[in-house]
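J.: One structure, pasted below without further comment.
The values are calculated or read from the model by the stated rules, or taken from the named source; none is laboratory data. None of the values given here were measured: they were computed from a predicted structure. Every residue, glycine as well, gets a Cβ built from its backbone with ideal geometry; the counts of neighbours run over all protein chains shown. The protein model used for the area step is the full one, side chains on, heavy atoms only, and it has no ligands, DNA or RNA in it. Shrake-Rupley method; radii C 1.70, N 1.55, O 1.52, S 1.80 Å.
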Amino acid sequence: MTTKIKCIIVDDEPAAHYVLSDYINKNPFLSLEHQLYNGLEAMQYLTNNPVDLMFLDIDMPEVTGMELLKTLPNKPKTILTTAYREFALESYEYGVIDYLLKPIFYPRFLKAIAHFEDKNAIENSPEPKEEAKDISLKIGSDMVTILLDDILFTQSYGNYVKVYTMKRTYVATITTTELEKQLPSSLFVRSHKSYIVAINKIKTIDKDCLIIQQKSIPIGITYKREIMEIIKFN
């Protein structure tokens, strides 16, 4: 990579700056351009200084991270860095590409940077690959095509999978692991060893479950941190 990724940190906690600046400086393709401690400073800086990537805290005095995102006319790509999970879903409405929960560990930081690079690669590709709009599954003796946008969630059912859609439920001859590989990760996420859910169909998230059309779906402990971090609408 010849051009460095210009980064800024916006966070009112010095400890967060210490961790993030250390992680950024470990990567030669990242350049830490500036460190800011509140939303007003960030707003003023970004007016005259375009950057590629902003690490943004949510809970800050005067102007919160969410208020900053709502205000900026030209938002840089943003990775939220926060101790609060409840804004995960709302944040992706403002182009947030990842959501890091504090304390932030280096491997998870690298994964967020990979998300940023993937998004850049897609946007800069001269011939972006068209994302699949449906999936074909074996239902009984037939192959049935199901629109991805119709799928609410899926549930393991022995050696089969129940696929719940807007209109009906199918029992497909496939395992949940096999199905997960076929569903785009930008639209679906594994919430439990037995469940895959459509991200944009999630109504609310509770402590140990999420709600889709009045149906309560468990969040497995193995997937809990991941689902809180990566759930997004894109």
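J.: Relative to the longest principal Cα axis of the chain, at what angle does helix 39-48 sit, 0 to 90 degrees, rounded to 10?
T.: Between the helix axis and the principal axis of the chain, the angle is about 80 degrees.
J.: Output the Cα-based Rg and Dmax of the chain in Å, rounding Rg to one decimal and Dmax to a whole number.
T.: Gyration radius and largest Cα-Cα distance of the chain: 19.7, 62 Å.
J.: Sort the following peptides by mean Cβ neighbour count (other Cβ atoms within 10 Å, averaged over residues), highest first: 56-68, 106-118.
T.: The peptides rank, most packed first, as 56-68, 106-118.
J.: In angstroms, what radius of gyration and Dmax does segment 1-58 have, counting Cα atoms only?
T.: When restricted to the Cα atoms of segment 1-58, Rg and Dmax are 11.1, 32 Å.
J.: What part of the accessible area of the chain, given as a whole %, is carbon or sulfur when the probe is 1.4 angstrom?
T.: On the way: 6440 of 12660 Å².
Using a 1.4 Å probe with all protein chains present, the chain comes out at 51 percent carbon and sulfur.
J.: Okay, next question. Tell me the angle of helix 106-124 to the major Cα principal axis of the chain, expressed in degrees between 0 and 90 and rounded to the nearest ten.
T.: The answer is roughly 80 degrees.
J.: Between residue 215 and residue 124, with labels modelled 7 Å along Cα→Cβ, what's the label distance in nm to one decimal, could you check?
T.: 4.1 nm
J.: Now for a different question. In whole Hz, what ³J(HN,Hα) sequence does segment 24-36 give by Karplus (6.51, -1.76, 1.60; θ = phi - 60°), x for Gly and Pro?
T.: 4, 5, 6, 10, x, 8, 9, 10, 7, 7, 6, 10, 10
J.: Contact order normalised by length for the chain, with contacts defined as Cα pairs under 8 Å and 6 or more residues apart; what percent is it?
T.: After rounding, I find 12 percent.
J.: Also, quick follow-up: How high is the FRET efficiency between residue 27 and residue 169 when r is their beta carbon distance and R₀ equals 45 Å, given to the nearest 0.05?
T.: Numbers: r = 46 Å, r/R0 = 1.03.
Efficiency computed from Cβ-Cβ geometry: 0.45.
J.: Dividing the convex hull volume of the alpha carbon atoms of segment 168-234 by its residue count, what do you get in Å³ per residue?
T.: Cα-based convex hull of segment 168-234, divided per residue, equals 95 Å³.
J.: Pairwise over distinct Cα atoms, reciprocal of the mean inverse distance: report the Kirkwood radius of segment 12-91 in Å, one decimal place.
T.: Kirkwood radius, segment 12-91: 13.2 Å.
J.: Please list 3J(HN,Hα) in residue order for segment 136-141, calculated via the Karplus relation 6.51 cos²θ - 1.76 cosθ + 1.60 where θ = phi - 60°; whole Hz, with x for glycine and proline.
T.: Karplus values, whole Hz, x for Gly and Pro: 9, 10, 7, 10, x, 9.
J.: For all pairs of alpha-carbon atoms in segment 101-196, what percent lies in each bin of width 10 Å, listed from the first bin to the last filled one?
T.: Bin by bin from 0 Å, the calculated values are 14, 38, 26, 20, 3.
J.: Any of 119/181; 4/119; 133/224; 162/215; 111/207 with alpha carbons more than 22 Å apart? Name them for me. Before the final figure, lay out the partial values.
T.: Numbers: 119/181 20 Å; 4/119 16 Å; 133/224 27 Å; 162/215 14 Å; 111/207 24 Å.
Table pairs above 22 Å Cα-Cα are 133/224; 111/207.
J.: Now for a separate question. How much accessible area per residue does the chain have, counting only protein heavy atoms and a probe of 1.4 Å, in square angstrom?
T.: Details: 12660 Å² over 234 residues.
Per residue, the chain has 54 Å² of solvent-accessible surface.
J.: Which percent, to the nearest 5, of DSSP beta bridges fully inside the chain are antiparallel?
T.: Bridges in the chain are about 60 percent antiparallel.
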